[in-house]
Amino acid sequence: MAIDYLKRGKPEAVRAEDDAKTASVVASTLKDIEARGDAAVRELACKFDNYDRDSYRLSEAEIEAIIAKVSPREMADIQFAQDQVTKFAQAQRDSMLDIEVEPMPGVILGHKNIPVQSVGCYVPGGKFPMVASAHMSVATAKVAGVPRIVACTPPFNGEPNPAVIAAMHLGGAHEIYVLGGIQAVGAMAIGTESIAPVHLLVGPGNAFVAEAKRQLFGRVGIDLFAGPTETMVIADDTVDAELCATDLLGQAEHGYNSPAVLVTNSRTLAEETLKEIDRILAILPTAGTARVSWEDYGEVILCDNYDEMLAVADDIASEHVQVMTDRDDWFLDNMTCYGALFLGPRTNVANGDKVIGTNHTLPTKKAGRYTGGLWVGKFLKTHSYQKVTSDEAATLIGEYGSRLCMLEGFVGHAEQCNIRVRRYGGINVPYGEGAPYRDAAE
């Protein structure tokens, strides 16, 4: 495999060192929230967001007043995007069926899809008010039937962002708090005097939010590890450098540590994209952020052929993968590790982020190797049940169960089976022994 890096980002060792520093800060902060509750949350909100109020929860009257600041055009746009997200989420929900089968006479097995009973939805908004994240988490949780939906978002320019609050409210949030960062996810997961803890945390965030969710996993469920935005463009000479550079920088503006990677088999496209990135950075209003991300985390990888491009892409397992080649469906058929695919030059990650209908909370840091993104199924738990309805089935299953329990040395387990064999089959099984074997003739 002949792979040439025309540009590399920070070495993995340096990135790991950054992650370790973040983990230490998060651990001490969560410990403080657990020990001091609302007092710790208030100190953090004042320190990092310069924001304080008597209660961080918005009242119904406050929500109405804030939403009134949203123009009719903006409200229509928010509603359009939310409609697309909820339609796709509903289609996903409709595909998840409860089942009940009778694999043998008298034995009934089934499962039910039950909503998580409370969820905390984090909606980022310190640098950019992430209106779309409210659709992806709050509205999707509502489609799933979650009975208690808590939503947190930081203040934007010193006050709740009207568009974000409107999206949360329209989406179905039952409680809305103006809180950001570690203090928001910590309060929702751990609970404080004023915020009851939730069962599941969802939503994207910066490196500190992502690490907080990671450390809280187990105490609560989380959707996935959704850290800083990642994007990859897989392209050949069927597209031009302007398109590739635009799609790379369009995601690099998210933050100072957002990896953006071009994978191509065209040296000409690779070199021209590097030049085009420099041109766009000179005029991009968010270049102050995008430039740092590109310089520290941007990569251009030149491969010999499509098989190499596929192997590199699956190894990186990027969150967003924009595919613009002469064989887009081939990548769809063969790629196995990614967050979401955006196929063809007419498609773009920004549409996926904001409006097209698929969920934009996606796995990062190679988590696409073992999980997909947030979807309605993340808010549902599939629980099985069993029922034996005849003496014959109770006896037959009991006999097999008894012997298999004794095979493993679980005498108490075997006796659970034996007592049914004795009661429903009239077969004497001495205590501490497995059920006798009966051949088919019996």
Given the whole protein assembly as supplied and a 1.4 Å probe, what does the accessible area of Tyr177 come to in Å², nearest 10? 10 Å²
Per-residue accessible area for Val292 at 1.4 Å probe radius, Å² rounded to 10? 50 Å²
Loop only by DSSP, 13 or fewer other Cβ within 10 Å of the Cβ. Give me the chymotrypsin sites (Phe, Trp or Tyr not before Pro) in region 354-416 that pass, ordered by residue number. Tyr370, Phe410
Kindly sort Thr358, Thr364 by accessible area of their heavy atoms, largest first, with the probe set to 1.4 Å. Thr358, Thr364
Whenever you get a sec, compute what percent of the accessible area on region 226-325 sits on carbon and sulfur atoms (1.4 Å probe). 47 percent
Project the alpha carbons of region 99-174 onto their principal axes and report the range along each, largest first, in whole Å. 66, 19, 15
Calculate the spin-label point distance for Thr336 paired with Cys46, positioning each point 7 Å from the Cα along the beta-carbon direction, and give it in nanometres. 5.4 nm
Please get the size of the charge dipole for the chain, origin at its Cα centre, with Cβ charges of +1 on Lys and Arg and -1 on Asp and Glu, quoted in debye to the nearest 20. 1360 debye
Label-point separation (nm) for Phe410 and Gln90, each offset 7 Å from Cα along Cα-to-Cβ? 4.4 nm
Would you work out what percent of the accessible area of region 83-215, with all protein chains in place, is carbon or sulfur (probe 1.4 Å)? 57 percent
In Å², nearest 10: area of Met104 left accessible to a 1.4 Å probe: 50 Å²
Return, for the Cα atoms of the chain, the radius of gyration and Dmax in Å, separated by a comma. 26.6, 87
Express the accessible area of the chain per residue in Å², computed with a 1.4 Å probe while the remaining protein chains stay in the model. 47 Å²
Gap in Å between the Cα centre of region 120-165 and the Cα centre of region 1-70? 14 Å
With viscosity set to 1.002 mPa s and temperature to 20 °C, compute the Stokes-Einstein D of region 132-226, Rh being the Kirkwood radius across alpha carbon pairs; µm²/s, no decimals. 161 µm²/s
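The values are calculated or read from the model by the stated rules, or taken from the named source; none is laboratory data. Please read all numbers here as calculations on a predicted model, not as lab measurements. All Cβ positions, even for glycine, are placed from backbone atoms using ideal geometry, and neighbour counts span all protein chains on display. When the accessible area is computed, the model is the full protein with side chains, heavy atoms only, and any ligands, DNA or RNA have been set aside. Shrake-Rupley method; radii C 1.70, N 1.55, O 1.52, S 1.80 Å.
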